[in-house]
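Student: Just passing along the structure, written as structure tokens.
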Amino acid sequence: MKAAALFVKALEAEGVHSIFGVPGEENLDLVEALRDSSIRLIVTRHEQAAGFMAATWGRLTGEAGVALSTLGPGATNLVTAAAYAQLGAMPMLMITGQKPIREHKQGLFQLVDVVDMMQPLTKYTRQLVSAATIPARIREAFRRAEEERPGAVHLELPEDIARDTVEEAILLPTEYARRPSPDDAALVQAAEAISKARHPILMIGAAANRQRTTVALRAFIDKLGIPFFTTQMGKGVIDEDHPLWLGNAALSDGDFVHRAIDAADAIINVGHDVVEKPPFLMRKGRRTVIHINFSSAEVDAVYFPQIEVVGDIAHTVERLTDALQPQEHWNFSFFDRVRLAFHSQLEDHSRDDRFPMHPVRVVDDTRSFMPDDGVLCLDNGMYKIWFARYYRAREPNSMLLDNALASMGAGLPSAMAAKMVYPERKVLAICGDGGFMMNSQELETAVRLRLDLVVLLLRDDAYGMIRWKQAEMGYADYGMTFGNPDFVQFAEAHGAHGHRPASADEFLPTLQRAFDAGGVHLIDLAIDYSDNHRILNEEIRRLSAAV
């Protein structure tokens, strides 16, 4: 058997359904082996997009998505996606080609030490130097990618190794590994701290976005009545229509949720990762911070919990729920006032008729149309703050945003992968004009795959978030604007359908028609960010301070 065929059989044994990528001549033996396999090769128009798709596949399924590239520039194009998966805890395997390692005649042409390049960006990176080691290397790569904390791994398959032959193909079993149970003493300490507190509060982070954890946290909240809030990547773990939801930590400070945090004397952090900006600054002696996660806290100047309960998150929460009872001295009256003020402020601007559209109106109209299990895939830009703060996610992973690497260009590829994982659900990519153009070529891939997908392109002809920060810092408006193509014609040139609403009232019907029609649609929607500073920096601070 050729080594490339063994490689593919090992991937099949791991349950791989699809590989996303741009092959090169160094991959041709692998591509030929894929041709006769059960694995679908999905050719993208850029390796970065392939990596974003593979990472999103891993994020939604818990099974490592797979991205493929050739050597040199193909491999370097995967770097951003590697960091995206690694920082965002998304399981992904990258396979890159390489020249023959025993003998080649091309000198240093396209030669990059890819294994060394991937070292700081992955959990595991290896060059395959023997066909006999392929099953073990692949099993180890998948194990590393998928175990907590998940992330990116990389294997380099040189051309001559891929062409070698092996006499016997022995694949390794893919065994389930039990996750560690929390320490009994740590559980007792955490339960005592929560019981003794007067104003406990629950914070839900990215690592809690797992199915079993959702069930466990809902039982915890319903039994104890402790109010909760989420980080950006924790949205939807618990239905945000829940009466105890205090909001999302979309802003760094000065929001209603920060008033609740300041009043808390015990903060139960479930699934928090310092890769997300901590939504509060710790001050010694003011409160007890309890860290509940698969791994111990990565201590930082702004994050140093006093109590750590390390182990399977769902199991930890279940045991805490059993150990705790509601306490008569718990007082949530201030949190109730914060919640009422927060929800009142959410209603402002939702029916604003201006055009270009107000961000809150865009969020409100989108929420009114999307079903609870519909999936929003956000690129990175100014709109991410508006959606994180104002859109109520009702199910886990129904809003995919990246608050770890926070890379532009991931919105469209992420939505494509989400639609492949959830073909029966409505999937909406939300992109700014800046981020969309970084991987806009994948419209052709979406059309070729016959996906039913809608792209909401929010156009302000600028790098809107940096422009907002520029104004916030008191600098002149300089260097952030650009020109754009006619996005309707751009979509149609790629075989998709283009739409351009001319008023705020036209947006919602356009969105509905696009989904009803099927196929790939792009909605070019002009957005008005003139309220960024007034609302996010002034109004919210003023109203929250008055609570």
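The values are calculated or read from the model by the stated rules, or taken from the named source; none is laboratory data. Here the structure is a predicted model, which is why all the values come from computation and not from measurement. Neighbour counts are summed over all protein chains in view; Cβ atoms, including those assigned to glycine, are modelled from backbone coordinates with ideal geometry.
Student: Can you pull out the residues in segment 201-221 that are over 20 Å from the mean Cα position of the chain (by Cα) and not in a helix (DSSP H, G or I)?
Tutor: Residues of segment 201-221 over 20 Å from the mean Cα position of the chain (by Cα): 201-202, 215-221.
Residues satisfying the conditions are I201, L202.
Student: On to the next question. For segment 491-512, name all the residues that are in a helix (DSSP H, G or I) and either among the polar types (S, T, N, Q) or farther than 22 Å from D528 by Cβ (or both).
Tutor: A491, E492, A493, T510, Q512
Student: Quick one: would you say I535 is among the β-branched types (V, I, T) and out of contact with any Leu (no Cβ under 6 Å at 6 or more places or on another chain)? Outline the logic, then answer.
Tutor: Details: among the β-branched types (V, I, T): yes; out of contact with any Leu (no Cβ under 6 Å at 6 or more places or on another chain): yes.
Yes.
Student: A further question follows. Looking only at segment 289-318, count how many residues are charged (D, E, K, R) and surrounded by 18 or more Cβ atoms within 10 Å (Cβ to Cβ).
Tutor: Within segment 289-318, residues that are charged (D, E, K, R) and surrounded by 18 or more Cβ atoms within 10 Å (Cβ to Cβ) number 3.
Student: So how many residues does segment 393-428 have that are of a type outside the set (D, E) and within 17 Å of A208 (Cα to Cα)?
Tutor: At the first step, the residues of segment 393-428 found to be of a type outside the set (D, E) are 393-394, 396-401, 403-423, 425-428.
Restricting the remaining residues to those that are within 17 Å of A208 (Cα to Cα) gives 393-394, 396-401, 403-404.
Final tally of qualifying residues: 10.
Student: Mind counting the residues in segment 177-199 that are surrounded by fewer than 16 Cβ atoms within 10 Å (Cβ to Cβ) and either among the hydrophobic types (A, V, I, L, M, F, W, C) or closer than 27 Å to E147 by Cα (or both)?
Tutor: The initial filter retains those residues of segment 177-199 that are surrounded by fewer than 16 Cβ atoms within 10 Å (Cβ to Cβ), namely 177-181, 183-185, 188, 192, 196, 198.
Remaining after also requiring either among the hydrophobic types (A, V, I, L, M, F, W, C) or closer than 27 Å to E147 by Cα (or both): 177-181, 183-185, 188.
The qualifying residues number 9.
Student: As an exercise: evaluate T321 against (1) over 17 Å from R259 (Cα atoms); (2) in contact with a strand residue (DSSP E or B) (Cβ under 8 Å, 6 or more places away or on another chain); (3) surrounded by 13 or more Cβ atoms within 10 Å (Cβ to Cβ); (4) among the hydroxyl-bearing types (S, T, Y) and give the number of the one condition it does not meet.
Tutor: (2)
Student: Could you tell me whether any residue of segment 152-167 is under 32 Å from the mean Cα position of the chain (by Cα) and exposed (fewer than 15 other Cβ atoms within 10 Å of the Cβ)? Explain how you work it out, then say what you get.
Tutor: Pass one, segment 152-167, residues under 32 Å from the mean Cα position of the chain (by Cα): 152-158.
With exposed (fewer than 15 other Cβ atoms within 10 Å of the Cβ) added as a condition, the list becomes none.
Looking for residues that are under 32 Å from the mean Cα position of the chain (by Cα) and exposed (fewer than 15 other Cβ atoms within 10 Å of the Cβ), one finds none in segment 152-167, hence no.
Student: Could you list, in sequence order, all residues of segment 270-279 that are modelled with pLDDT under 95 and surrounded by 24 or more Cβ atoms within 10 Å (Cβ to Cβ)?
Tutor: First, pick out the residues of segment 270-279 that are modelled with pLDDT under 95: 271-279.
Listed by number, the residues that qualify are G271, H272, D273, P279.
Student: Then there's this: Pairs under 7 Å by beta carbon, first residue over 19 Å from H329 (Cβ atoms) and assigned to a helix (DSSP H, G or I) in segment 185-200, partner modelled with pLDDT of 95 or more and small (G, A, S), six or more apart or different chains?
Tutor: Filtered contacts from segment 185-200: L187/A323.
Student: Looking at L543, is it under 19 Å from D365 (Cα atoms) and in a helix (DSSP H, G or I)?
Tutor: Details: under 19 Å from D365 (Cα atoms): no; in a helix (DSSP H, G or I): yes.
The answer is no for L543.
Student: Another question, if that's okay. Taking strands (runs of 3 or more DSSP E) that do not extend beyond segment 375-481, which have at least 3 residues that are more than 28 Å from H242 (Cβ to Cβ)? It would help to see each step written out before you state the result.
Tutor: On the way: elements: 375-378, 427-432, 453-459.
Counting at least 3 such residues, we get 453-459.
Student: Of the numbered conditions (1) touching a strand residue (DSSP E or B) at 6+ places or on another chain (Cβ under 7 Å); (2) among the basic types (K, R); (3) surrounded by fewer than 16 Cβ atoms within 10 Å (Cβ to Cβ), R102 satisfies every one except a single condition; which is it?
Tutor: (1)
Student: Then there's this: In segment 404-418, what residues are surrounded by fewer than 24 Cβ atoms within 10 Å (Cβ to Cβ) and over 17 Å from G464 (Cα atoms)?
Tutor: Matches in segment 404-418: A404, L405.
Student: Let me ask another. Report whether or not A141 is assigned by TED's automatic domain parsing to the domain that holds D312 and in contact (Cβ under 8 Å) with a residue 12 or more places away in the chain.
Tutor: It is false that A141 is assigned by TED's automatic domain parsing to the domain that holds D312 and in contact (Cβ under 8 Å) with a residue 12 or more places away in the chain.
Student: Another question, if that's okay. Kindly indicate which of L71, L41, L30 is out of contact with any Pro (no Cβ under 7 Å at 6 or more places or on another chain) and surrounded by fewer than 19 Cβ atoms within 10 Å (Cβ to Cβ). Give the steps one after another, and end with the answer.
Tutor: Working: L71 fails: surrounded by fewer than 19 Cβ atoms within 10 Å (Cβ to Cβ); L30 fails: surrounded by fewer than 19 Cβ atoms within 10 Å (Cβ to Cβ).
Matching residue, one of L71, L41, L30: L41.
Student: Go through the residues of segment 1-16 one by one and say whether even a single one is more than 29 Å from the chain's Cα centre (by Cα), surrounded by fewer than 24 Cβ atoms within 10 Å (Cβ to Cβ) and of a type in the set (V, I, T).
Tutor: no
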